[in-house]
1. Rounded to the nearest whole Å², what accessible area per residue is found for the stretch A:374-480 with the 1.4 Å probe?
2. Enumerate by residue number the trypsin sites (Lys or Arg not before Pro) in the stretch A:383-433 meeting two conditions: DSSP loop (anything except H, G, I, E, B), and at most 16 other Cβ atoms within 10 Å of the site's Cβ.
3. Under the classification rounded if a/c is under 1.5, otherwise prolate if a/b is larger than b/c and oblate if not, where does the stretch A:133-244 fall, given a ≥ b ≥ c as square roots of the Cα gyration tensor eigenvalues?
4. Rounded to the nearest 500, what is chain B's calculated 222 nm mean residue ellipticity when only DSSP H runs of at least 4 contribute -39500 (n - 2.57) each, over all residues?
5. Accessible area per residue for the stretch B:3-138 in Å², computed with a 1.4 Å probe and the full protein assembly in place, what is it?
6. Quick check on my link table: of A:LYS319/A:LYS396; A:LYS32/A:LYS140; A:LYS218/A:LYS455; A:LYS372/A:LYS402; A:LYS162/A:LYS235; A:LYS235/A:LYS455, which ones sit more than 25 Å apart, alpha carbon to alpha carbon?
7. Determine how many Å³ per residue the convex hull of the Cα atoms of the protein assembly as shown encloses.
8. Rounding to the nearest 20 debye, state how big the charge dipole of the stretch A:26-97 is about its Cα centre with +1 on each Lys and Arg Cβ and -1 on each Asp and Glu Cβ.
Amino acid sequence: MKMKQLIALLMPVMVALALASCGSSPLDKAIKHALVQQDTTQAQFDSICAIIRQNPDRYSQYVDKQGQVDVAQLQALIDRIGGDLRPPMRWDIARYGQQELSLTIYFERSGSMVPYDNAGDRGQLKKAVNDIINRFPGRKVNINIVNDGIYPYQGTVDQFIKDRNIYASTAGVGNSAFTDFQQIFGAILKAQDATNVSVVVTDLIYSPADAGDVSIDKILNEENSLATNIFRHYKGKSVLVHQLMGDYNGKYYPYTNRPVEYRGMRPFYLLVIADTPVMDRMAAQSDYAELLHPAAVRHSYRFNQSEAAVDYCVLPDWKDNAGRFRVDHHDATRLTKCQADKTTGILCLTIAARLDGLQKEADFLAQAGNYKVQSASGFELRVAPITPDMVTGNNKMYLDGKTHLLTLTGKFVGPRDQLTISLPNELPAWIGQSSSRDDTNTAASGFSTTTLGLKEFLDGIAAAFGTGGNYTTLTLNLEN
Amino acid sequence: MKKQHYIYLALGIAATLLFYVLRVQAYEAIYSVPGFSDQFYNAGLYDMIPLITIAVPWAAAAIYYYAINSVRFDRWFHWLLVGGISTLLTPIIGYAVNQSVFADLGLSYGAESLSFELANMVWAAVMFVVASFAMRWWSSNCRHTPIPQ
């Protein structure tokens, strides 16, 4: 009797233990483990899919009619589990299982491009194109030669990469005397499908036919209107402009069309064109880093970049923190029990944010002046990139995957304040600084770093897409 | 057996289950530190540690009332001694589990874990009292301990 009573009395303990041990499924546990360990990789995604495939009956809600893993349903589960964590975590799995992207190179072969690839120089232009082709993760790559029209490259991709004198081997393709932007960009935009990425390799110098006696103002105004006219019909596209520098040795053709010999550096451009969702998808994947951030890039700007939500969290415990606050467990953007430091009256908090998906240059992201901070407490911002030495076991969960620390200091008195940090999307200064309205004097000081009519052309694209807004906005609600 | 003894048992079980259901709030009411508490939560320790805090005191009470169950060990201070051992053992096991889980995750919160487990002694003691009053009534020799019926 005693033994039976003992067992009966221990039942609640055993029930509680049983409840806890079978509380979550292996799928839930695997997802939670991946999120907590920040192991949000393709390999981890594959292992989670394997759990579903091994037990399709148990996880039938995550299997579609074709027997494949239903990514949307799985995403919903990940969002639910991630939302319960502290701070809430996200893992975007939409990109897994997506259709492979194709790459089309449009290699300008006008007269003024030939001197970029002399045998005796460093060949930065060809290297930049080769790098993009070699590091593009997809297998489908096409190459076209462009000048007065678009002509398929007759060799293979391997032959293009190996070609030591690409301009000699493509001599006679089209008419290299002028570059018809309207024809080229119109054809590219029209032909591009939803899984294609096009890269135009060009000096971005507008050289229409029969422009010899036309004033430069008229040419540049025409270029501006042309750019707007081309792109305004394709508001679903994004254009990423990369400026790079290369050795130039040969005849340069100014707008007067009277060639002069020039030896020195000259800018050239890689224009990456894709549907906006494709561009966003590439921005979220490190595989496309060379395309979005070429190693030798000098300046970049993406047109038609919509405001993006970035991952960020407040660091509950950080060396710069001053005063006190508590991050709400259910809403990571809400800080409760905020109190300024009693001696200094300062409240200082640090946000870890992932900003690499914004496709902005490192210098731009690291300058606090590029951000706009709004708050009643007059918070001021400092920005610092996250370096590996900052990451420890204890803060790994907060810093892993993040790129920048945004430290805010203000005199919070309460009872409430809304703190908004935004990164305004404005045309960068480098566009104006890299543009000229006269390219006849190759000895001029700015000649080596400027492009005739660059500003007019890019302003035309900006007018087509519309500018303004923010790259991203981070909001915190403070209360005491 | 009296009906009220079953009521005590039912209340004890209900209190224990309520503690488990409200475990996160119960623990954060007595100990919460930025960073540590979030990691504790994400690592699932708010599931494991309360189980230990339930299991050890209930087992200790069961051992006292039904395994020891001796007239030579039926005074209030004997019960207190078992309760003290249970209240010490619970955080020791909890600390070992806590540190093991954190070590696997590459986390280092030694001081915070220790403070947490010291605070957990409060809940371990409460659970021992709850378990004692839930199960003592059917002990042949110790049912009057710690307070006579």
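The values are calculated or read from the model by the stated rules, or taken from the named source; none is laboratory data. Not measured: the values here are computed from a predicted model. Note that each Cβ is placed from the backbone with ideal geometry, even for glycine, and that neighbours are counted across all protein chains shown. Accessible surface areas use protein heavy atoms only, side chains included; no ligands, DNA or RNA. Shrake-Rupley method; radii C 1.70, N 1.55, O 1.52, S 1.80 Å.
1. Here the per-residue accessible area is 42 Å².
2. Of the trypsin sites (Lys or Arg not before Pro), the ones in loops of the stretch A:383-433 whose Cβ has at most 16 other Cβ atoms within 10 Å are A:LYS411.
3. Since a/c reaches 1.5 but b/c is at least a/b, the shape of the stretch A:133-244 is classed as oblate.
4. So the calculated ellipticity at 222 nm is -24500 deg cm²/dmol.
5. On the way: 5820 Å² over 136 residues.
Value returned for the stretch B:3-138: 43 Å² of accessible area per residue.
6. Working: A:LYS319/A:LYS396 15 Å; A:LYS32/A:LYS140 36 Å; A:LYS218/A:LYS455 14 Å; A:LYS372/A:LYS402 20 Å; A:LYS162/A:LYS235 37 Å; A:LYS235/A:LYS455 20 Å.
Beyond 25 Å between Cα atoms: A:LYS32/A:LYS140; A:LYS162/A:LYS235.
7. On the way: hull volume 124.4 nm³, N = 629.
In the protein assembly as shown, the Cα convex hull volume per residue is 198 Å³.
8. Values: 9 positive and 9 negative charges, 20 e Å.
That gives a dipole near 100 debye.
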